[in-house]
Every structure is written in structure tokens, then in C-alpha cells.
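Since the structure comes first, as C-alpha cells, the remarks are kept for the end.
Bear in mind these aren't lab numbers, they're just calculated from the coordinates by the rules spelled out. Since we're looking at a predicted model, the values are computed, not measured.
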Amino acid sequence: MKKFTLAVLTMVIALSAGCAPKPQAATADQAIEQSKSMGAPQEQAKYLVSQANAFVNSQKFDDAIASAKYVLANLDANSVEAKNIIEKATAEIKAMAEQKAQELKNKLNNIGN
């Protein structure tokens, strides 16, 4: 009975280790390279979409856009998730640019005061 329990436990550990999520890549290029070893295009696209979402959450908008564009150009031209990521990241970049422009405008207005 102990051997059976040990065998089952070993299999569970081995299977769960294989299913562990991949760590977040530091850049879109790294994520794309990692995805190439994942086999099926659907798996690659799923991984890259998850990485792109992580990039958005980390405010790495250029990497998010690059990852999503790779999905659309090479893996799934109809990926709604990739299209949404590009929209969201672009909107975030625009909002940050507008905020910085307003801050600069305020600084320039305060120079004479």
C-alpha cells in the first residue's frame, strides 16, 4: 500500500510541475521566444495573451502591444483578446501622454508666477 501511495504522490507532483505557469517574461521578445517552444499555435497564442496582459498590468505597454501584434500576425489573426490588449495599452499610453502634457503645461504656466 505504501508503494502505491508513493507512486500516486509522485505522479501528482510530476503532473503538477508540468502544469505550473511559466514565469513572466521580462520583454515581449523573451515572451515570443518562449512561446515558440510551446507547440500548437493555440498554446502559443494563449501564453502570449497572458504575458501581454501581465505587461499591461506592469505598465509595460510597448511590450504588451508587441506581444499582441505577434499573436495577430503569426498565430491568430482573429484573436479578440489580442485586439483588446492593443486597444487597452494604446489608451493607457494616450492617457499617460495627456497627463504628462498637462503637467508640462501647468509647469510652464507657473514659470511666470
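Gap in Å between the Cα centre of segment 36-58 and the Cα centre of segment 84-113?
When both Cα centres are located, 29 Å separates them.
Taking each pair of distinct Cα atoms in segment 26-111 once, what is the resulting Kirkwood hydrodynamic radius in Å?
13.6
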